[in-house]
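J.: Below is a structure I'd like to ask you about.
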Amino acid sequence: MLRQVAAFELRYQLRSPLLFVGFALFFLFSFGSATIEQIQIGGRGNININSPMTLLQTTAILNVFAIFVITAFVANVVIRDDETGFAPILRATRISKFDYLVGRFAGAIAVAFIILASVPLGILAGSWMPWVDSEKVGPFVAGHYLYALFVYSLPTLLVIGAGFFALATATRSMMWTYVGAVGFLVLFLTSRLLLRDPAYDTLSALVDPFGIGAMRQATKYWTAAEQNLQIPALAGLILYNRLLWLGVAAGLFALAYALFRFEAKGSLVSSAARDKPARDDPAPAMRALAAPDAGRATRWQQLLALTRFDMRFVFKSPAFFVLLTIGMFNAFGAINGVVQFRDTTYFPVTRAMVVALEGIYYAGELVWNDRDRRMHEIVDATAAPDWAFLTPKVLAIALVLLASYLAAVATAVIFQMLHGYFRIEPAAYLLWFVLPGVISALLLAALSVFVQSLVPHKFMGWAVMLVYVVATVTLNNIGFEHNLYNYAGEPGVPLSDMNGMGRFWIARAWFQAYWLAFALMLMVAAHLLWRRGVETRLGPRFARMRLRLRGAPGVVMGAAAVAWVGIGAFSY
């Protein structure tokens with residue numbers, strides 16, 4: 001039965017759109033790093049694009065970015081049956097808990113391994129491209145690719161998969177699992193900062209689940225020729241690191257196995273209550289229904305009610321407070337190096353705090369909230385207009401990001417006070433950091449809601465937003481860096497202790513107005529494509545766009561387009 005369950009899970013996951021999106025994404029990352037000089041993931045310099053060192057560094061670094069893709073596969077294994085209502089049927093069969101959990105986990109891990117295998121495959125394909133300088137391409141050695149896959153990718157995949165498999169088993173929530181993934185990533189990056197002192201090299205190498213620290217320790221004295229030809233031996237810190245984390249993976253899976261309850265949960269209704277005959281309650285008195293009112297005042301009341309609902313969903317969620325706490329720890333890690341640099345002590349001035357602090361999850365949850373709870377047909381049948389559903393979600397996302405900025409400011413102020421610096425400048429924090437952050441939050445919220453209104457599933461929306469973030473960095477690295485075509489792009493504003501932002505803020509304000517006009521166009525487009533009822537296909541919604549554009553949406557779209565083009569022409 002174990003083999004059949006694993007085969008079923010493998011077939012199911014192989015049909016997932018996330019598999020094709022993830023494979024293409026990581027393949028293109030590694031392919032671009034091998035073929036485009038401006039894209040560097042691992043160390044390059046005098047090292048070949050397909051050298052063992054480049055291969056290992058690129059694999060290990062992209063394994064960090066694969067956390068969320070791996071989490072989507074392994075957490076879905078535990079939660080999917082409960083969400084679809086298929087769990088009681090499975091529990092009624094003779095399948096054992098061992099076969100069910102191990103088979104499902106093995107199928108999900110196999111599919112996630114296919115995505116990680118795209119990284120060395122992308123490097124291999126890039127080394128064969130005719131435009132690549134042949135002097136930078138070394139010989140093909142199959143063992144190097146297998147070493148990267150089975151010594152680095154596979155143990156990392158098992159520990160991450162087992163960890164978030166256990167978290168999903170304990171919480172039965174995708175949101176909590178993704179919060180755990182964010183927390184894990186923040187803690188990993190913070191640990192790299194705290195353990196960067198050479199005195200902690202051995203500890204840093206052992207506690208790195210991705211093996212990057214161990215690899216650096218094993219090869220830090222290698223010459224370029226050695227890095228081009230040799231693979232680090234599976235010994236010393238590398239061996240201890242891999243064995244340690246394989247043991248952690250086994251322990252986490254054992255924890256998930258202990259936490260999982262395969263049998264159906266008992267009914268909350270007592271047997272006495274079930275045996276008690278039903279009471280004949282009198283029928284309620286008939287009352288006349290209130291006359292429907294579709295006026296402007298009613299629509300604004302609907303907007304306010306839906307806004308309160310979405311705000312309550314976000315700000316009462318425990319995940320929000322977890323993310324806020326993680327943001328504060330992240331801010332503390334960013335500003336920790338301000339007061340001490342190369343044995344010199346500095347004042348934690350506001351300008352330094354803001355520079356250090358400047359160093360997409362709720363959109364999917366808010367847009368798909370009703371459908372996940374199977375309430376969308378009831379909600380969509382109400383008389384509220386589409387913009388009354390759309391606007392609160394953008395506001396909720398923006399307020400989540402605003403809360404993160406305010407938490408970072410609070411952390412910075414506390415940090416200043418703890419270091420004896422009491423010249424607190426709240427106006428500077430608000431104008432230099434919070435206000436630009438709020439505008440960026442609105443732009444990001446508009447884009448994320450627009451993307452979620454297009455895609456057929458929230459996971460694909462998250463993948464699209466991840467592609468957007470990576471594409472922005474990639475385009476800047478290869479020379480496509482103009483702010484007129486990079487969404488939410490704006491010129492940098494250098495800060496000074498004497499005159500603050502100077503006159504540099506003016507150029508940024510024009511670009512912010514330019515992108516806010518474009519974001520308003522995205523919002524109107526999301527309004528026109530908003531899904532109501534059972535129809536989720538994109539084609540019929542596109543067909544209705546011209547009819548729905550009449551009236552106020554068309555006026556707003558036209559005004560935003562004129563403002564966008566006008567400000568863009570002036571800025572150019």
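J.: At 1.4 Å probe size, put Y257, Y152, Y485, Y200 in order of accessible surface, largest to smallest. Kindly include the intermediate steps, with their values, before the conclusion.
T.: Numbers: Y257 75, Y152 0, Y485 125, Y200 105 Å².
The most accessible residue leads, giving Y485, Y200, Y257, Y152.
J.: Turning to a different aspect of this structure: In what order, largest first, do I47, I424 sit by accessible area if the probe radius is 1.4 Å?
T.: Details: I47 25, I424 50 Å².
Descending accessible area places them as I424, I47.
J.: Counting only other residues whose beta carbon sits under 15 Å from that of F8, what net charge do I get with K and R as +1, D and E as -1? Show your work: numbers first, answer last.
T.: Details: positive: R3, R11, R15, R80, R104; negative: E9, D81, D99.
In short, +2.
J.: Keeping all protein chains in the complex and leaving out DNA, RNA and ligands, what accessible area do you get for D201 with a 1.4 Å probe, in Å² to the nearest 10?
T.: 40 Å²
J.: Ok, one more. How much of the calculated P(r) for the range 94-198 lies past 20 Å, in percent of all Cα pairs? Present the calculation step by step, with values, prior to reporting the outcome.
T.: Working: 3304 of 5460 pairs.
Tail of the P(r) past 20 Å holds 61 percent of the pairs.
J.: Also, I was wondering about something else. Report the local net charge at G213: Lys and Arg +1, Asp and Glu -1, summed over other residues whose C-beta lies under 14 Å from its C-beta. Please report the intermediate quantities before stating the final value.
T.: Values: positive: R192, R196, R216, K220, R242; negative: D197, D201, D208.
Value of the local net charge: +2.
J.: With viscosity set to 1.567 mPa s at 4 °C, what whole-number translational diffusion coefficient in µm²/s follows for the range 141-195 from Stokes-Einstein and a Kirkwood radius over Cα pairs? Please report the intermediate quantities before stating the final value.
T.: Details: Rh = 12.9 Å.
Rounded to a whole number, D works out at 100 µm²/s.
J.: Taking the highest mean first, how do the peptides 184-197, 155-168 order by number of other beta carbon atoms within 10 angstrom per residue?
T.: On the way: 184-197: 14.7, 155-168: 24.9.
Answer by packing, highest mean first, reads 155-168, 184-197.
J.: Where Lys and Arg each count +1 and Asp and Glu each count -1, what net charge lies around L195 among other residues with Cβ under 11 Å from its Cβ? Intermediate results must be reported in sequence, preceding the final value.
T.: Working: positive: R192, R196; negative: D197, D201, D208.
Net charge around L195: -1.
J.: Report, please, the projected area of the range 144-235 averaged over directions, based on the convex hull of its C-alpha atoms, in nm². Please report the intermediate quantities before stating the final value.
T.: Numbers: hull surface 28.7 nm².
Seen from a random direction, the Cα hull of the range 144-235 projects 7.2 nm² on average.
J.: Sticking with this structure for a sec: So what does L10 come to for accessible area, using a 1.4 Å probe and Å² rounded to 10?
T.: Probe radius 1.4 Å; accessible area of L10 about 60 Å².
J.: Let me know the whole percent of all Cα-Cα pairs from the range 1-125 that are separated by more than 17 Å.
T.: 60 percent
J.: Using R₀ = 22 Å, calculate the FRET efficiency as 1/(1 + (r/R₀)^6) where r is the Cβ-Cβ separation of F480 and A507; round to 0.05.
T.: Working: r = 19 Å, r/R0 = 0.89.
Step by step, r from the Cβ atoms, then E = 0.65.
The values are calculated or read from the model by the stated rules, or taken from the named source; none is laboratory data. Everything numeric in this text was worked out from a predicted model, so none of it was measured. Glycine also receives a Cβ, built like all others from the backbone with ideal geometry; neighbour counts cover every protein chain displayed. These accessible areas exclude ligands, DNA and RNA; they are computed on the full protein's heavy atoms, side chains included. Shrake-Rupley method; radii C 1.70, N 1.55, O 1.52, S 1.80 Å.
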